[in-house]
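The values are calculated or read from the model by the stated rules, or taken from the named source; none is laboratory data. Worth saying up front: this structure is predicted, and the values here are computed from it rather than measured. A quick note on method: Cβ atoms are made from the backbone with ideal geometry, for glycine too, and the neighbour counts reach across all protein chains shown.
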Amino acid sequence: MPGSRSYSTEAIVLRQRRLGDADKIITLFTPDYGRIEAVAKGVRRSKSRLAGHVEVLSHCNLLLHRGRSLDVITQAQLIGGYRSLREDLSLVSRGLYAAELVERFTDVSADSLPTFRLLVDVLQWMTARTAPPDVVLRYFEMRLLDELGYRPQVDCCVACGGALPPETNYYSAHAGGVACPSCRAGVQISGPLGVNALKVLRLMQRASFEDLARVGIEPALQLELERHLREHINFSLDREVRSAAFVRDVQRQEERLLLAADGVQG
Ligand SMILES: [Zn+2]
């Protein structure tokens, strides 16, 4: 019977790193305790039953024992293994990016349920291919920024507070949102923001993911959104997200494959 030194929690595995010859330290994101680290003993041994349940991006139920420094995972039960996601380079690169964002933006905190639910949703949307994985990531970034207090201001100008005209405006990660053409000179600008990109940013703040998924977002528009949101995130975190480079490599590979396929068809 678990005593008072044991507790159970649902978790998503964000990261793993080696500890000694046989163990790993697992970074977990939980609905009630925020981000925690725990030891998974013996998972580097081939016979470990625990190993398959604590893979990166797995969704599981865990029983943990409170340790002096780190807690120890004593039991694990898989809720969602997302095997098809982990075996697809295109999806896993985006999944790891989402996990890294959560790891970097969050800490041990009591109220992490909305962010936890969002991360579970993202893994499910990607696995179900409800929308292109990059569109899922943009929605995730917008919602994460919102939940953690970095909501981009897209309804009115960040400098004068006036309405944004239906023409090219300007994104300012520095000022936390969109600046109108008249205020452009007064704020540090990350780049121009087209009319359609502004519409999608607003939609991402207001609409459900299902509604966003119904809107076709072309690759060029997706890239424009990616640039601005990435800039916003780097500015809010005050550093780069490492796995963004991995996503970029995979995107380049996908572009080459698309071009090759076009060549074959043409
Ligand atoms: Zn203005």
Original post:
Has region 86-104 got at least one residue that is at pLDDT below 95 and in a loop (DSSP other than H, G, I, E, B)?
Top reply: yes
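Go through region 158-174 residue by residue and tally those that are part of a loop (DSSP other than H, G, I, E, B) and near the ligand (Cβ under 10 Å from one of its atoms).
Here the count works out to 7.
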Original post:
Mind checking whether some residue in region 121-135 is more than 20 Å from Gln251 (Cβ to Cβ), touching a strand residue (DSSP E or B) at 6+ places or on another chain (Cβ under 6 Å) and part of a helix (DSSP H, G or I)?
Top reply: no
Original post:
In region 192-200, is there at least one residue being within 16 Å of the ligand (Cβ to nearest atom), touching a Phe, Trp or Tyr at 6+ places or on another chain (Cβ under 8 Å) and in the same structural domain as Val122 (by TED's automatic domain parsing)?
Top reply: yes
**OP:** Residue by residue through region 176-191, note down the ones that are among the β-branched types (Val, Ile, Thr) and either more than 15 Å from the ligand (Cβ to nearest atom) or assigned to a loop (DSSP other than H, G, I, E, B) (or both).
**Re:** Val187, Ile189
Original post:
of a type outside the set (D, E, K, R), touching a helix residue (DSSP H, G or I) at 6+ places or on another chain (Cβ under 6 Å) and either on the phi < 0 side of the Ramachandran plot or surrounded by 14 or more Cβ atoms within 10 Å (Cβ to Cβ) (or both) - does that describe any residue in region 175-187?
Top reply: no
Original post:
Within region 138-157, is there a residue that is among the hydroxyl-bearing types (Ser, Thr, Tyr) and within 16 Å of the ligand (Cβ to nearest atom)?
Top reply: no
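Among the residues in region 220-227, are any more than 21 Å from Leu101 (Cβ to Cβ) and out of contact with any Lys or Arg (no Cβ under 7 Å at 6 or more places or on another chain)? Spell out how you get there, then give the answer.
So the first thing to find is which residues in region 220-227 are more than 21 Å from Leu101 (Cβ to Cβ), and the list is 220-221.
Next cut, out of contact with any Lys or Arg (no Cβ under 7 Å at 6 or more places or on another chain) only: 220-221.
So far as region 220-227 goes, yes, one or more of its residues are more than 21 Å from Leu101 (Cβ to Cβ) and out of contact with any Lys or Arg (no Cβ under 7 Å at 6 or more places or on another chain).
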Subject >> Subset of region 42-95 (residues that are aliphatic (A, V, I, L, M), crowded, with 16+ Cβ neighbours inside 10 Å and touching a residue at least 60 places away in the same chain (Cβ under 8 Å)) >> reply: Leu57
Subject >> Index of the failed condition, Met126 passing every other in (1) surrounded by fewer than 22 Cβ atoms within 10 Å (Cβ to Cβ); (2) touching a Lys or Arg at 6+ places or on another chain (Cβ under 7 Å) >> reply: (1)
Original post:
If you check Asp249, Asp238, which single one turns out to be farther than 28 Å from Leu91 by Cβ, out of contact with any Phe, Trp or Tyr (no Cβ under 8 Å at 6 or more places or on another chain) and away from the ligand (no atom under 16 Å from the Cβ)?
Top reply: Asp238
Original post:
Quick check: anything in region 233-247 surrounded by 14 or more Cβ atoms within 10 Å (Cβ to Cβ) and free of Cβ contacts under 8 Å to residues at least 24 places away in the same chain?
Top reply: no
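Any residue that is assigned by TED's automatic domain parsing to the domain that holds Gln124, within 14 Å of the ligand (Cβ to nearest atom), surrounded by 15 or more Cβ atoms within 10 Å (Cβ to Cβ) and at pLDDT 95 or above - is there at least one of those in region 204-212? First the steps, then the outcome.
We begin by selecting, within region 204-212, every residue assigned by TED's automatic domain parsing to the domain that holds Gln124; these are 204-212.
From what's left, within 14 Å of the ligand (Cβ to nearest atom): none.
Looking through region 204-212, none of the residues is assigned by TED's automatic domain parsing to the domain that holds Gln124, within 14 Å of the ligand (Cβ to nearest atom), surrounded by 15 or more Cβ atoms within 10 Å (Cβ to Cβ) and at pLDDT 95 or above.
This table checks each residue for (1) within 11 Å of the chain's Cα centre (by Cα); (2) over 24 Å from Gly34 (Cβ atoms).
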| position | (1), (2) |
| --- | --- |
| Tyr97 | yes, no |
| Glu100 | yes, no |
| Glu103 | yes, no |
| Asp107 | no, no |
| Ser112 | no, no |
| Val120 | yes, no |
| Leu123 | yes, no |
| Thr130 | no, yes |
Subject >> First in region 163-180 and in contact (Cβ under 8 Å) with a residue 60 or more places away in the chain, second anywhere and more than 13 Å from the ligand (Cβ to nearest atom) and of a type in the set (Phe, Trp, Tyr), Cβ under 9 Å, 6 or more apart >> reply: Ala173/Phe235; His174/Phe235
**OP:** Would you tally the residues in region 207-243 being more than 27 Å from Gln188 (Cβ to Cβ) and not hydrophobic (A, V, I, L, M, F, W, C)?
**Re:** 7
